[in-house]
Structure formats: structure tokens, C-alpha cells
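Enquirer: Just dropping this structure here.
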Amino acid sequence: GRLDESYRRRLDGVGVIWDPIAYQWERNFALLEQYKEREGHCDVPDSHQEGGSKLGNWLKRQRQARKGNHPCTLSSERVDRLDKVGIRW
């Protein structure tokens, strides 16, 4: 069934995350932007952790997904965003 709109707004108000995969991607992208701001580049070592997230591993998976070597796909929008932030593929 459908979720009543007033109930959905109440859940939004307490911070329910409706798409955890998209949320995690956005969180890691924001961490990448912070890393670049601090370090001046996006060459994150594979083992690097940032803000409690395995940022280096996440970036490695993004590169693999772009090449088609990962079960997840990378949308053209996300590729563009990663390009703009300065990823070296």
C-alpha cells in the first residue's frame, strides 16, 4: 500500500532515510570534497578513512564501477560530479 502523506512527513521530520544507498553515496561524495579541500587533490589512498567512512575504498569502487568492473553501476550524473571534483580515473 501507499504511505499516508502526513505519516511520511512525520517520518521525514525524525530523519528517516528513504534511500540508504543514495544517502551513503552522497555522504561519501561530501567526504571526498572535504578531503580535497584539505589535501588539495582527490588521490585518496585505498586504505584511507575519513569521517568514519572507508573513503579510499569507496573511491576505488567508483573507479571500478565506471570501468564496468564492479557489480554496481555509476550513472553519468555521478561520473560528471566526480569529474568536476577532480577525480583521476
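The values are calculated or read from the model by the stated rules, or taken from the named source; none is laboratory data. Just so you know, these numbers come straight off a predicted model, no measurement behind them. Neighbour counts run over all protein chains shown; Cβ positions are idealised from the backbone, glycine included. Accessible surface is based on the protein model in full, side chains and every heavy atom, while ligands, DNA and RNA are left aside. Shrake-Rupley method; radii C 1.70, N 1.55, O 1.52, S 1.80 Å.
Enquirer: Pick out the one residue from R2, R81 that is outside any helix (DSSP H, G or I) and at negative phi.
Expert: Selected residue: R2, the only one of R2, R81 that is outside any helix (DSSP H, G or I) and at negative phi.
Enquirer: Taking only pairs six or more apart or across chains, which ones have beta-carbon atoms under 6 Å, a first residue in the stretch 32-52 that is farther than 16 Å from W89 by Cα, and a second residue that is assigned to a helix (DSSP H, G or I) and among the small types (G, A, S)?
Expert: Final answer for the pair search is S47/G56; H48/G56.
Residue-wise test of (1) farther than 13 Å from L82 by Cβ; (2) among the hydroxyl-bearing types (S, T, Y); (3) surrounded by fewer than 14 Cβ atoms within 10 Å (Cβ to Cβ).
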position	(1), (2), (3)
I17	yes, no, yes
E26	no, no, yes
E39	yes, no, yes
S47	yes, yes, yes
Q62	no, no, no
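Enquirer: Could you tell me which numbered condition G1 fails, if it satisfies all but one of (1) modelled with pLDDT of 90 or more; (2) open to solvent by 60 Å² or more (accessible area, probe 1.4 Å)?
Expert: Failed condition: (1).
Enquirer: I've got another one for you. Any chance the stretch 42-55 includes a residue that's within 30 Å of E5 (Cα to Cα) and among the aliphatic types (A, V, I, L, M)?
Expert: no
Enquirer: Taking into account only those residues within the stretch 77-89 that are open to solvent by 90 Å² or more (accessible area, probe 1.4 Å) and without any contact (Cβ under 8 Å) to a residue 24 or more places away in the chain, which is farthest from I21 (Cα to Cα)?
Expert: Across the stretch 77-89, the extreme among qualifying residues is K84.
Enquirer: Only residues that are open to solvent by less than 80 Å² (accessible area, probe 1.4 Å) and over 22 Å from the mean Cα position of the chain (by Cα): list them for the stretch 4-15, please.
Expert: S6, L11, G13
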